[in-house]
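Single-structure report; data block below.
All of the numbers you see were taken from the coordinates with simple rules; none came from a lab. Note that the structure is predicted; figures quoted are calculated from it, not measured. Positions of Cβ are backbone-derived with ideal geometry, glycine not excepted, and every protein chain shown enters the neighbour counts.
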Amino acid sequence: MPSIIQYAFAAEALINIPAIIALLFFPTATLKPFLATPLPSIELNASATLLARCVGILILGLTPQLLFAYPNIEDRVGKRRLVYWTLGVGEAALIPLFLWEAFRKSDEAKAAGVWAGGFSRNMALTCAANLGVPIAWRIFVFVWRPQWFAGGEVKGKSGKRE
């Protein structure tokens, strides 16, 4: 029977699929709600849509790691910690970036009294808060439930129980 961490790996991989599809195939529609400029006057440039697609490809590249660490096979169980560290470092690095985006103002923008960020303040704060959930989960597992990484009954490399 799968362990809690295996369910978490599978759920996280499944949650990534809509984000991958949206960022790769519908970058303009995906980005517009995040932008600080009012929607009727906004036109996303090619750089913004390319960047959205790059993020989609990065998520696509990281998602299989979750699936590869899912089975209770000896060589994969040991990789679960590494997968969680890798994902956690990226998420932890994004939180201050979104917070900086939420509170930054250029000198010109301050003088004009307008918003300087590319994302709206609320959307940048929402992104930072949404990343707090997986970070909190990863910390909880690393600190208070490290035994979950081992999973249930572990099978050898051949797939037989040991």
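For the reader, a short list of remarks on this structure follows.
- Available extension along the chain between Trp100 and Phe140 is 11.8 nm, counting 0.36 nm per residue and deducting the alpha carbon span.
- Residues whose placed amide H lies under 5 Å from that of Leu35, excluding near-sequence neighbours: Ser120
- Residue order, fewest to most surrounding Cβ atoms within 10 angstrom, among Ile59, Ile21: Ile21, Ile59
- Segment Phe34-Val55, length gained on full extension (0.36 nm per residue, minus Cα span): 6.1 nm
- Whole-Hz couplings from phi, Karplus 6.51/-1.76/1.60, listed for region 129-135; x for Gly and Pro: 5, 5, 6, x, 5, x, 5
- Once the C-beta distance of Phe25 and Trp85 is scaled by a Förster radius of 41 Å, the resulting FRET efficiency is 0.85 to the nearest 0.05.
- log₁₀ of I(q)/I(0) at q = 0.10, 0.13, 0.17 Å⁻¹ - region 4-145, Debye sum with one point per alpha carbon: -0.43, -0.67, -1.02
- In plain terms, the residue of Leu97, Leu31, Leu60 with the fewest other Cβ atoms within 10 Å comes first and the most crowded comes last, giving Leu97, Leu60, Leu31.
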